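**Student:** Quick one: this structure, given as structure tokens, is what I'll be asking you about.
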Amino acid sequence: MNQIFEALDFVENPLYEQIIEDIAKQKFTIIDDFFSTEEVDALRASILDKYEEDAFKKAAIGNKFEEVIVKSIRGDVILWIEEARANAAETLFFNKINDLVGYLNKTCFLGILHKEFHYAIYPKSTYYKRHLDTFKNDDRRKLSFVCYLNHEDWQPENGGELVLYLDDNGQEVEKAIYPFPGRVVIFESQILEHEVKPVNTKRLSITGWLKTR
């Protein structure tokens, strides 16, 4: 009986359906209107406020069991965001993420049970070399999520583009995605290798993963 009522309550979301279609077809999606301009502005203010508080730390490679800082591989600094301690802007962020997760689990049966997000700042001349978002001892990451919080005047020459390495009928193709403010990129964590090209000015984002089990 509960399943009948859940089906009756379901309302199709065109944006979420486009995300699902894109990921099924090409393993990634790019959305420029997932968050409103006001929401992006609030999140940008939040990340910059916390950066000024010196709360960020150097990002490492590997998970908590094999974590190591290697500056030659990645140069960003990060700050984990806890939903239980979220400020107003972060609460709006998590509300939208939770809504998306509920939709994906209901329509695609992805079994997403956990999520983790952090602010990420790439200082000038830093980068993140080609990698995959999974670990040898932990394969729970299903979808990778990036939301860019750069200023409105961000230009391609500022660098910091995300490059996805795609398979096009057996041929590797590079897909460069510029970190324009408000842009969201979602891709399959266990399939797509990617990198962040060197930045020429400070680059701001929220990065995270939707996880199973």
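The values are calculated or read from the model by the stated rules, or taken from the named source; none is laboratory data. Quantities reported herein were computed from a predicted structural model and do not represent experimental measurements. Don't worry about glycine lacking a Cβ; one is built from the backbone with ideal geometry, like all the others, and counts go over all protein chains shown. With ligands, DNA and RNA removed, areas are computed over all heavy atoms of the protein, side chains included. Shrake-Rupley method; radii C 1.70, N 1.55, O 1.52, S 1.80 Å.
**Student:** Could you derive backbone 3J(HN,Hα) for the stretch 101-108 from the dihedral phi with the Karplus parameters 6.51, -1.76 and 1.60 (θ = phi - 60°), listing whole Hz in sequence and x where the residue is Gly or Pro?
**Tutor:** Going residue by residue, I get 4, x, 5, 5, 5, 6, 9, 10 Hz, with x marking Gly and Pro.
**Student:** Trypsin sites (Lys or Arg not before Pro), restricted to the stretch 107-144: which are DSSP loop and have at most 10 other Cβ atoms within 10 Å?
**Tutor:** Lys136
**Student:** Treating the beta-carbon of each Lys and Arg as +1 and of each Asp and Glu as -1, no other charges, what is the dipole magnitude of the chain about its Cα centre, to the nearest 20 debye?
**Tutor:** 880
**Student:** Can you grab the distance from the C-alpha centre of the stretch 154-192 to the C-alpha centre of the stretch 103-146, Å, no decimals?
**Tutor:** The two parts, judged by their Cα centres, are 14 Å apart.
**Student:** I want to check the label-to-label distance for Lys129 and Glu193. Put each point 7 Å from Cα in the C-beta direction and report it in nm to one decimal.
**Tutor:** Going by the 7 Å Cα→Cβ label model, 1.2 nm.
**Student:** Going Cα to Cα from Lys96, which lysines come in below 19 Å? Please leave out same-chain ones fewer than 8 positions away.
**Tutor:** The qualifying lysines are Lys106, Lys115, Lys142, Lys211.
**Student:** Exposed loop chymotrypsin sites (Phe, Trp or Tyr not before Pro) only (DSSP loop, at most 16 other Cβ atoms within 10 Å): please give the longest stretch of the chain free of them, not including the sites. Display every interim value, and only then the final one.
**Tutor:** Values: sites that count: Phe10, Phe65, Phe109.
Longest gap between qualifying sites, sites excluded: 110-213.
**Student:** Which one, Tyr178, Val199, Ser144, is farthest towards the positive end of the dipole of the stretch 133-213 when Lys and Arg carry +1 and Asp and Glu -1 on their Cβ?
**Tutor:** In the stretch 133-213, that residue is Ser144.
**Student:** Summing Lys, Arg as +1 and Asp, Glu as -1, what charge do residues with Cβ under 14 Å from the Cβ of Glu17 carry, Glu17 excluded?
**Tutor:** Here the count lands on -2.
**Student:** Kindly provide the GluC sites (Glu not before Pro) of the stretch 83-156 that DSSP labels as loop, not H, G, I, E or B, and whose Cβ sees at most 11 other Cβ atoms within 10 Å.
**Tutor:** Those that pass, being in a loop and sparsely packed, are Glu152.
**Student:** Which values, in whole Å and largest first, are the semi-axes of the equivalent ellipsoid of the stretch 129-213 obtained as the square root of 5 times each eigenvalue of the Cα gyration tensor?
**Tutor:** Here the semi-axes work out to 23, 16, 10 Å.
**Student:** Could you tell me what percent of the accessible area of the chain is made up of carbon and sulfur, with a 1.4 Å probe and every protein chain present? Don't skip to the answer; put the middle values down first.
**Tutor:** Values: 5770 of 11710 Å².
Using a 1.4 Å probe with all protein chains present, the chain comes out at 49 percent carbon and sulfur.
**Student:** Report the full-extension gain for the segment Ala55 to Asp33: residue separation times 0.36 nm, less the Cα-Cα distance, to one decimal in nm.
**Tutor:** 5.0 nm
**Student:** With viscosity set to 1.567 mPa s at 4 °C, what whole-number translational diffusion coefficient in µm²/s follows for the chain from Stokes-Einstein and a Kirkwood radius over Cα pairs? It would help to have the intermediate numbers written out before the result.
**Tutor:** Values: Rh = 18.0 Å.
Reported coefficient: 72 µm²/s.
**Student:** Please list, in chain and number order, the residues 5+ apart from Thr126 or on another chain whose amide H is under 5 Å from its amide H, with Hs placed from the backbone.
**Tutor:** Those qualifying (amide H under 5 Å, at least 5 residues apart or on another chain) are Val199.
**Student:** Only helical DSSP H runs with n ≥ 4 go in: add -39500 (n - 2.57) per run for the chain, normalise by residue count and round the 222 nm mean residue ellipticity to 500 deg cm²/dmol.
**Tutor:** -9000 deg cm²/dmol
**Student:** Calculate, for Lys96 and Asp139, the FRET efficiency according to 1/(1 + (r/R0)^6) with r their C-beta to C-beta distance and R0 25 Å; round to the nearest 0.05.
**Tutor:** 0.45
**Student:** Another question about this same structure. Over the chain, what is the mean sequence separation of C-alpha contacts under 8 Å (at least six apart), divided by residue count, expressed as relative contact order in percent?
**Tutor:** Working: 384 pairs, mean separation 58.7, N = 213.
Reported as a whole number, the value is 28 percent.
**Student:** Additional query: Taking the dipole about the Cα centre of the chain, with the C-beta of Lys and Arg at +1 and of Asp and Glu at -1, give me whichever of Leu43, Ile97, Ile78 is farthest to the positive side.
**Tutor:** It is Ile78.
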